[in-house]
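S.K.: Sharing a structure, written as structure tokens. Questions coming.
Throughout, read-outs are computed from the coordinates displayed, never taken from laboratory work. Note that this is a predicted model, so its numbers are computed, not measured. Cβ placement follows ideal geometry from the backbone for every residue including glycine, while neighbour counts extend to all protein chains displayed.
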Amino acid sequence: MQGEPVWIFPFENMEIGESFFIPTLKSSAMIFAVESGAKRAGVRVRVYPSIKDECIGIRVWLTG
């Protein structure tokens, strides 16, 4: 049986102020996944819906 994917976010390799983009059509679900992952990693992030190269997704900034 196939379950939900396990997301691996690059928080440990990032410096404050850096960001990454995740293409997705399910922005709210991905925002929840990113914020949950950040909490487990002990970091703070800002996450906003975004468009990059005509692709809908979210942008994640490491803030602390």
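S.K.: For region 11-46, name all the residues that are in contact with a strand residue (DSSP E or B) (Cβ under 9 Å, 6 or more places away or on another chain), aromatic (Phe, Trp, Tyr) and over 10 Å from Leu62 (Cβ atoms).
M.R.: Residue satisfying the conditions is Phe21 alone.
S.K.: I'd like to know if region 28-42 contains one or more residues that are in contact (Cβ under 8 Å) with a residue 12 or more places away in the chain, of a type in the set (D, E, K, R) and in contact with a helix residue (DSSP H, G or I) (Cβ under 8 Å, 6 or more places away or on another chain).
M.R.: no
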